1. Working carefully through the options THR61, THR84, find the one that is open to solvent by 70 Å² or more (accessible area, probe 1.4 Å), within 16 Å of the ligand (Cβ to nearest atom) and not small (Gly, Ala, Ser).
2. Sort out for me the strands (runs of 3 or more DSSP E) sitting completely within region 187-281 that have 2 or more residues that are within 16 Å of the ligand (Cβ to nearest atom).
3. Would you pick out the residues in region 282-302 that are among the aliphatic types (A, V, I, L, M) and open to solvent by less than 10 Å² (accessible area, probe 1.4 Å)?
4. If we scan region 189-211, do we find a residue that is among the hydroxyl-bearing types (Ser, Thr, Tyr), closer than 25 Å to ILE111 by Cα and open to solvent by 10 Å² or more (accessible area, probe 1.4 Å)?
5. At least 2 residues that are surrounded by 24 or more Cβ atoms within 10 Å (Cβ to Cβ) and within 13 Å of the ligand (Cβ to nearest atom) in each: list the helices (runs of 4 or more DSSP H) lying fully within region 110-184 that qualify.
6. Out of (1) within 19 Å of GLY144 (Cβ to Cβ); (2) touching a strand residue (DSSP E or B) at 6+ places or on another chain (Cβ under 7 Å); (3) open to solvent by less than 20 Å² (accessible area, probe 1.4 Å), what's the single condition that is false for ALA30?
7. Could you tell me how many of the residues in region 64-81 are surrounded by fewer than 17 Cβ atoms within 10 Å (Cβ to Cβ) and more than 16 Å from the ligand (Cβ to nearest atom)?
Amino acid sequence: MSEVGKPLGKDLVGLEGLSADQLRMILDTAEPFKEISERRIKKVPVLRGKTIVNLFFEASTRTRISFEFAEKRLSADTVNISSTGSSVAKGETLVDTARNLEAMRIDMVVIRHGASGAARFLAERIPSNVINAGDGWHEHPTQGLLDLLTIRDRMGRIEGLRVCIVGDIKHSRVARSNIYGLRALGAEVAVCGPRTLLPPAPEELGCRVFSRVEEAIEWADVLNVLRLQLERMQAGYVPSLREYNRIWGVSTARLEAAPRDILVLHPGPMNRGVEIDSDVADGPHSVILNQVTNGVAVRMAVLYLLAGGQPERAEAAKEGGEA
Ligand code: CP
């Protein structure tokens, strides 16, 4: 993975296999970049002259827009491509699409795709840097990183914390990236959800398992609540939305029964009244919008590092330098 002179290597396909030092380096690099988004003129020349293609084959609000903000605030030139409106709709393959983009001399590709492994497939076939913006059930590494940054901001550390991921773990790329990142940084990780929505052997991912959300809440310092993908209900994984909320929903009453103040994350988009009640989503435990804000800084850090920027120069770079 590692390329000479590039602290993060060529691509970011997942958090699996990244060391604690690499994860800390990304989070630490994101810190100085936070301030750019608070300026009146939100632009620095760090990635001036770089061309970045955002290739989104699945719907996205947070990831697509925050990548675009991160790129524009670092002065990269960006192009957005979706499957509808491009020649993908005429049957052009992923690799042919990417090779045509390469022929126009691009530097980086940010890809979201429904197939697990799509980001790695592309990374192995094109010289541009590839960043995975979510591939199938596999990983969503920048979501994992922004979750880590948000937890660290609020709790002051990650090591030793107890983090429980609640909901559809089996089909969740967010869960997988969280598990890899949190465990590498020394957190204890648990999962909680209907048996039908847990992977076959969660213990093999290093997670303990709670069958009742009340037990998870009693144990945890942090809950990361995942969206119940509504198509799972149609496929018979859960009996009904009302039933899911009654058994698994994170509510104020359940949080008030906890022995400690719990931090609540959710990657979005939320189903209010299903996996999370509105008064929790908008209440004092919630850091859901902080996650979104941190998403821009984390993505700036990843772009900077993959472009060859040195972590110790991030502060100076944002004050006028280039990566
Ligand atoms: N968290 C997340 O990936 O949201 P989007 O699907 O809106 O990008």
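1. When all the criteria are applied, what remains is THR61.
2. It comes to 222-225, 263-265.
3. Applying the first criterion (among the aliphatic types (A, V, I, L, M)) to region 282-302 yields 287-289, 292, 296-298, 300-302.
Passing the criteria: VAL287, ALA297, VAL298, MET300, ALA301, VAL302.
4. No, the conditions are met nowhere in region 189-211.
5. Passing ranges, in order: 141-155, 173-184.
6. (2)
7. Selection size over region 64-81: 4.
Every residue, every condition in (1) touching a Phe, Trp or Tyr at 6+ places or on another chain (Cβ under 8 Å); (2) modelled with pLDDT of 95 or more; (3) farther than 25 Å from PRO194 by Cα, yes or no:
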| residue | (1), (2), (3) |
| --- | --- |
| SER128 | no, yes, yes |
| PRO141 | no, yes, no |
| LEU145 | no, yes, yes |
| ARG154 | no, yes, yes |
| ILE158 | no, yes, yes |
| ARG162 | yes, yes, no |
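The values are calculated or read from the model by the stated rules, or taken from the named source; none is laboratory data. If you're wondering where the values come from, they're calculated on a predicted model, not measured in any experiment. Every residue, glycine among them, receives a Cβ derived from its backbone with ideal geometry; neighbour counts consider all protein chains shown. Side chains included, ligands, DNA and RNA excluded: accessible areas come from the protein's heavy atoms. Shrake-Rupley method; radii C 1.70, N 1.55, O 1.52, S 1.80 Å.
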